[in-house]
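Okay, structure first, notes after.
The values are calculated or read from the model by the stated rules, or taken from the named source; none is laboratory data. Quick caveat: nothing in here was measured; it's all calculated off a predicted structure. So basically every Cβ, Gly included, is an ideal-geometry build from the backbone, and we count neighbours across all protein chains shown.
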Amino acid sequence: MENVTTKKQQIIRLEGVGEEKQQAFAHALNQIHGRILKQKNDVIARIEPISISVIKAEQETYTERFLFFLLPRTRVSYRVLLDVEVEITLVEMANVLFVETKVADPQAVPLPHWTKRIKEAIK
């Protein structure tokens, strides 16, 4: 048998949001698998990030108040935009040749006496 796996490199742009820096990065990186599956119709064997580049990292700070003036507290939200270069190991389904074999219906009810009579009546 021949080797049907191939390796491809791809750059994916991802955006993540979170209340902490780690959450924003984790949210962005968790999107890699879903994005690749949407783009490819092949079987994905492995996805390995090679490099991560930060395009934009923002911190938003605002003051939140209960009933417009009571209990003020400062809230922070982080947003990152990343370019992730990944190496994808996949099986290209176009290169796999399937051999077709015909079999009897596995859910059919066997009727041994009737099948001979039906075949004779059809002839």
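Points to keep in mind about this one:
- Close pairs (6 angstrom Cβ cut-off, 6 or more residues apart or separate chains): surrounded by 11 or more Cβ atoms within 10 Å (Cβ to Cβ) in the range 38-60, assigned to a loop (DSSP other than H, G, I, E, B) anywhere: Asp42/Glu92
- Going through (1) closer than 22 Å to Val17 by Cβ; (2) surrounded by fewer than 10 Cβ atoms within 10 Å (Cβ to Cβ) one by one, Phe68 falls short only on (1).
- Scan the range 71-87 for residues that are over 30 Å from Lys40 (Cα atoms) and surrounded by 11 or more Cβ atoms within 10 Å (Cβ to Cβ) and the total you get is 3.
- Looking only at residues in the range 1-18 that are modelled with pLDDT under 95 and charged (D, E, K, R), the one that is surrounded by the most Cβ atoms within 10 Å (Cβ to Cβ) is Lys8.
- Verdict on Glu120 being part of a helix (DSSP H, G or I) and out of contact with any strand residue (DSSP E or B) (no Cβ under 9 Å at 6 or more places or on another chain): yes
- The range 16-47: number of residues that are assigned to a helix (DSSP H, G or I) and of a type in the set (A, V, I, L, M, F, W, C): 8
- Glu2 assigned to a loop (DSSP other than H, G, I, E, B), without any contact (Cβ under 8 Å) to a residue 12 or more places away in the chain and not aliphatic (A, V, I, L, M): yes
- Residues in the range 19-34 that are within 15 Å of the chain's Cα centre (by Cα) and closer than 21 Å to Glu58 by Cα were compared, and the one that is surrounded by the most Cβ atoms within 10 Å (Cβ to Cβ) is Ala28.
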